[in-house]
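As structure tokens, the structure follows; a few thoughts come after it.
The values are calculated or read from the model by the stated rules, or taken from the named source; none is laboratory data. Just so we're clear, the structure is a prediction, and the values are computed from it rather than from any experiment. Backbone-built Cβ (ideal geometry, glycine too); neighbour counts: all protein chains shown. Surface areas here come from the heavy atoms of the whole protein model, side chains and all, with no ligands, DNA or RNA. Shrake-Rupley method; radii C 1.70, N 1.55, O 1.52, S 1.80 Å.
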Amino acid sequence: MRPFTLERPHDIATAVAFGAADDDQTDYIAGGTDMMQLLTDDIRRPGRLVSLGDGVLDDRIEAAPDGALRLGAAARMSDVADHPAVREGFPLIAEALLSSASAQVRNMATVGGNLLQRTRCAYFRDPGVHGCNKRAPGTGCAARDGVNRMLAVLGGSEHCIATHASDFAVPLVALDAVVRLSGPGGERTIPVEELHRLPGDSPHVETVLVPGELITAIEVPASRAARTSHYLKVRDRESFEFALVSAAVALDTDGGRIREARVAMGGVGPKPWRMRGVERALAGAACDPAVLRAAAARAADGTAPRPGNAFKPELMRRTVLRALRVVGGQP
Amino acid sequence: MPAQTLTATLHVNGREHALPDLDPRTTLLDALRESLGLTGTKKGCGLGHCGACTVLADGRRILSCMALAALYEGREITTIEGLAPEGGAARPHPLQQAFVERDAFQCGYCTPGQIMSAAGLIDEGRTGSPEEIREFMSGNLCRCGAYANIVAAVADVARTPLVPGAREPEQGRS
């Protein structure tokens, strides 16, 4: 770990000013479960590390009378997963959080930091590897022709096929959640779906955040579909492992007919991937086995796998189908 | 050379410890072991994967290798040395006793982390079945493979039924 100075501001304005002032010297640390790995492995080399503890960000978990959720960015993953309003109103969010990492990590990691965690691509995480456009722009992408079992089949480019590793972000995208941001230009609100950029020819720029801009809260709109929902994660180990493929599914049904469907997938792209083709195939249709099967068949539309992850399109269809069957009560 | 030195005060096992001249890069784990001499907390992977460094912060299990010491000022840290109320071998904590009785270790290196993690787990109440204990202990690796007896030891203290006919921990999912 390289030397840095540690700053512990007590308000958002001061924390923002450190990141906005610069010089590309500032990194932020909240729960620390990703940043400490990046520092230890010499992937991030900030001159200044700014702590977002000490009251900079709030950790409140609040449910509005209509059921909408507001999560302070510093709320811990474990606290959000255990909150009654989340468990009852948004089971897919609770399940996504509980399928993430380990209990110790969930006690430390914040929900804001979860959205901003860096990819788990092994080539990004190993500074001994030369070719990683995300870590060292212009050096190429060793993953494209390397070990790419875990990597993207949607949204990648010739410069990067990293996946976004968050489980929590997947239901957020399915439910049209937004993030509140505070930065040098003031405050703004953007959909979680628009927080992360596709790699294109600049994979090192991962989000639309400007220097110094912080996530202060996550807001999830009230959703009837979310009450009947499921997060299904498929992985190489049963626990404490990132997704090969995951699906967040929520269905609002009325007398056997699907009023509204929300479907997004994780482990397949540089950001959580909303499955609008699947949703369209379900909306207004009967909740029966043939409909679910036909809808799930759309889950892999547009995929472009590499040799090491050629199994993913079929796994995506099967994962969505199983999640739909669980939520639709048709095992 | 550190770019800066800090002064921090840690609260560990009911005592205050001033850390003058703290390099901001110092992890809570290294501060416990190197500065405070509390070597019961083990350093395994140093990357949050293995759980050997598990301690409690304000009663909740965390990974001390993923924590900067300076950011844990004002938190009450409990390590394996502070788990038993009176300390020492004379009056071990029920989890320590259960690990001995169930032979829940071989080399012992992961054991302090396993026990601290189990203490946090029991407080979380996620001990309804052997399967649940396994899932919620998945942040603690044991390379000797003592998992079956670790689950049994945790179940003893949590009073988790190892129901006859139900899946026994020895036959659990791997």
Considering only the protein assembly as shown, percent of DSSP beta bridges that pair antiparallel, nearest 5 = 85 percent
Binned Cα-Cα distance frequencies in region A:213-331 - 5 Å width, integer % = 2, 12, 21, 23, 17, 13, 8, 3, 1, 0
Normalise the Debye intensity by I(0) for region A:5-50, one equal point scatterer per Cα, no solvent, then take log10 at q = 0.20, 0.22, 0.24 Å⁻¹ and round to two decimals.
-> -0.63, -0.75, -0.87
What fraction, in whole percent, of alpha-carbon pairs in region A:1-115 exceed 22 Å separation?
-> 40 percent
Cα centre as origin, Lys/Arg/Asp/Glu Cβ charges: chain A dipole, Debye = 1160 debye
Quick one: among B:PRO20, B:PRO130, B:PRO94, which has the greatest mean-square fluctuation in a GNM of chain B with alpha-carbon springs under 10 angstrom?
-> B:PRO20
List the lysines whose alpha-carbon lies under 24 Å from that of A:LYS134, not counting same-chain residues fewer than 8 positions away?
-> A:LYS271, A:LYS312
For chain A, the longest stretch holding no trypsin sites (Lys or Arg not before Pro) located in a DSSP loop with at most 13 other Cβ atoms within 10 Å is which?
-> A:61-236
Whole-number value, in Å³ per residue, for the convex hull of the alpha carbons of the protein assembly as shown is 157 Å³
On the protein heavy atoms, probe 1.4 angstrom, tell me the percent of accessible surface of chain B carried by carbon and sulfur.
-> 48 percent
Evaluate region B:6-82: find the radius of gyration of its Cα atoms, find its Kirkwood radius, and give the ratio Rg to Rh.
-> 0.91
Placing +1 on each Lys and Arg Cβ and -1 on each Asp and Glu Cβ in the protein assembly as shown, then taking the dipole about the Cα centre, the residue among A:PRO127, B:PHE99, B:GLY113 whose Cα reaches farthest towards the positive end is A:PRO127
Please get the size of the charge dipole for chain B, origin at its Cα centre, with Cβ charges of +1 on Lys and Arg and -1 on Asp and Glu, quoted in debye to the nearest 20.
-> 300 debye
Kirkwood Rh, angstrom, region B:94-171 [1 / mean 1/r, Cα pairs] = 12.1 Å
Among B:LEU56, B:THR79, A:SER102, pick out the residue whose Cα is farthest towards the positive end of the charge dipole of the protein assembly as shown, where Lys and Arg carry +1 and Asp and Glu carry -1 on C-beta, about the Cα centre.
-> A:SER102
Max mean-square fluctuation residue, GNM over chain B, Cα-Cα springs under 10 Å, options B:LEU29, B:LEU141, B:LEU71 = B:LEU71
